[in-house]
């Protein structure tokens with residue numbers, strides 16, 4: 001059931017078993033799993049069914065680190081969350097991404113890939129993926145096309161890997177009907193959590209306070225709370241909830257907001273293919289992205305290059321992924337950029353401030369670039385490709401000085417805005433340089449292509465073309481020790497018996513793969529944990545979330561304390 005919070009009775013109290021803050025991939029996945037387990041759930045979403053400027057503004061903040069866009073166009077504050085602006089890339093983390101590596105400070109997860117594997121398998125239904133198979137040889141044989149072939153790399157340092165594409169699954173649309181019919185789930189739209197309230201010693205959350213932009217207020221009291229608002233907002237809400245603990249919830253060791261990570265992306269090199277490999281679509285993002293030619297069994301795929309794990313260890317590098325990037329006629333011109341924005345508008349992608357009339361005028365002023373680029377994108381004739389580059393994304397090093405803090409500015413609800421300081425060190429630079437160099441070496445050695453590389457980036461200022469991929473991760477990292485992590489291996493905030501965190505903010509290290517599939521896997525794992533915990537505790541999982549009239553303050557306090565306290569007492573420290 002969907003409820004417009006702007007119309008609820010002022011100062012209502014909602015009682016439920018589980019309260020989830022954030023209706024993105026993690027929140028919706030978790031809510032539907034709890035529905036299947038028969039657990040009453042309240043799902044709080046800041047926005048509505050589509051974007052609006054007032055709600056979007058709540059995401060804005062200050063950037064004080066590397067040049068970085070983290071609000072407009074990179075996050076979507078309405079039902080479905082960032083799945084609304086997601087490209088659909090899916091691949092599980094590599095086994096070594098979860099292991100502690102001596103050359104990567106602060107690396108390692110508290111469990112291995114075997115823990116996540118059964119949940120990765122279940123994500124294929126959630127994300128609408130194909131067979132649970134990421135073997136390049138299997139996909140090459142299944143596709144069976146002469147222009148979709150694996151490269152014969154013979155140097156032993158490079159491997160090729162497969163990613164699958166979700167359609168992509170826009171969770172707000174894909175699961176809207178399921179949420180509407182879920183009799184144990186209440187989805188409150190336009191419900192902005194402004195504080196997470198606890199008992200006096202901050203060992204249990206008692207309720208969350210909710211406000212709308214039109215001035216309505218309500219509270220939600222629950223047995224268990226899950227914060228699933230995204231890699232930046234999770235940290236923001238914890239830091240802003242400072243009534244009981246002045247430094248913010250879960251922040252006794254000054255870890256909330258630290259270790260902020262995103263996958264940096266760069267291009268390098270001039271790639272000149274040997275004739276027999278010049279038309280291969282498998283590794284080129286301009287040809288393999290959601291391309292019917294690069295698909296089998298109803299599933300679109302792509303392939304990327306990666307360094308073998310023994311090379312990473314020997315050279316002391318971070319993980320990475322590399323693909324080819326064909327440069328089309330007119331690429332980068334004003335007309336081409338306007339045409340891309342027009343296409344994104346047709347696909348309903350969130351583009352704050354988009355002005356179709358202005359872009360139409362730009363395209364009319366630059367007809368040759370616009371038409372040339374459009375025809376090249378549509379027909380993909382090789383004769384109009386001006387060159388081929390290599391593009392890489394690299395694992396971000398977990399750096400405590402790369403962080404999200406609170407700004408002195410406040411949003412329309414009175415909550416401090418964020419201040420984001422994205423930092424990348426020399427290990428990231430060296431990984432870019434060596435990855436490009438080793439791939440170029442192997443392409444030449446294998447008779448595939450000759451590559452002229454750009455100057456190395458290590459030891460220099462980051463080039464202007466550096467960009468993030470809008471994967472906000474690490475700000476509430478997972479660790480067995482509260483001195484090194486915000487949440488424990490079950491994603492429960494250390495020291496708070498009934499507060500959990502969902503999403504990529506719990507990633508201790510991030511690999512070079514796309515985070516959405518891991519976000520979904522962790523949400524499925526958390527759902528199993530919560531269902532088992534509530535069943536063991538004998539809690540009233542069948543209760544329905546429902547709004548009630550505002551209680552007297554004392555009544556609300558008794559309700560909030562009595563429910564989570566018992567559950568908190570059963571939880572490990």
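The values are calculated or read from the model by the stated rules, or taken from the named source; none is laboratory data. Predicted model, so just to flag it, every value in this text is computed and none were measured. For neighbour counting, all protein chains shown are included, and Cβ atoms are generated from backbone atoms with ideal geometry for every residue, glycine included.
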Item to complete: Look at residue 460 and say whether it is in contact (Cβ under 8 Å) with a residue 40 or more places away in the chain, more than 14 Å from residue 265 (Cα to Cα) and surrounded by fewer than 21 Cβ atoms within 10 Å (Cβ to Cβ).
Response: no
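Residue-wise test of (1) in the same structural domain as residue 42 (by TED's automatic domain parsing); (2) in contact (Cβ under 8 Å) with a residue 60 or more places away in the chain; (3) touching a helix residue (DSSP H, G or I) at 6+ places or on another chain (Cβ under 8 Å); (4) part of a strand (DSSP E or B).
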{"position": "180", "(1), (2), (3), (4)": "yes, yes, no, no"}
{"position": "188", "(1), (2), (3), (4)": "yes, yes, yes, yes"}
{"position": "193", "(1), (2), (3), (4)": "yes, yes, yes, yes"}
{"position": "197", "(1), (2), (3), (4)": "yes, yes, yes, yes"}
{"position": "200", "(1), (2), (3), (4)": "yes, no, no, no"}
{"position": "207", "(1), (2), (3), (4)": "yes, yes, yes, yes"}
Worksheet item: Could you say which residue among 213, 239 is touching a residue at least 60 places away in the same chain (Cβ under 8 Å), outside the structural domain of residue 435 (by TED's automatic domain parsing) and buried (at least 20 other Cβ atoms within 10 Å of the Cβ)?
Response: 239
Practice prompt. Working carefully through the options 313, 344, 290, find the one that is in a loop (DSSP other than H, G, I, E, B) and assigned by TED's automatic domain parsing to the domain that holds residue 139.
Written response: 290
Discussion item. Just to be sure I understand, how many residues within the range 164-207 are more than 24 Å from the chain's Cα centre (by Cα) and within 18 Å of residue 237 (Cα to Cα)?
Written reply: 9
Discussion item. Looking only at the range 3-29, how many residues end up being closer than 24 Å to residue 519 by Cβ, outside any loop (DSSP other than H, G, I, E, B) and either modelled with pLDDT under 95 or touching a strand residue (DSSP E or B) at 6+ places or on another chain (Cβ under 6 Å) (or both)?
Written reply: 5
Item to complete: Scan the range 209-228 for residues that are in a loop (DSSP other than H, G, I, E, B), more than 16 Å from residue 250 (Cα to Cα) and in contact with a helix residue (DSSP H, G or I) (Cβ under 8 Å, 6 or more places away or on another chain) and jot them down.
Response: 212, 213, 214, 216, 222, 223
Worksheet item: Which of the following residues is in contact with a helix residue (DSSP H, G or I) (Cβ under 7 Å, 6 or more places away or on another chain), loosely packed, with under 15 Cβ neighbours inside 10 Å, assigned to a loop (DSSP other than H, G, I, E, B) and not assigned by TED's automatic domain parsing to the domain that holds residue 519: 149, 145?
Response: 145
Worksheet item: Assuming residue 82 fulfils every condition listed in (1) assigned to a loop (DSSP other than H, G, I, E, B); (2) surrounded by 15 or more Cβ atoms within 10 Å (Cβ to Cβ); (3) in contact (Cβ under 8 Å) with a residue 40 or more places away in the chain; (4) under 15 Å from the mean Cα position of the chain (by Cα) apart from one, which condition is it?
Response: (1)
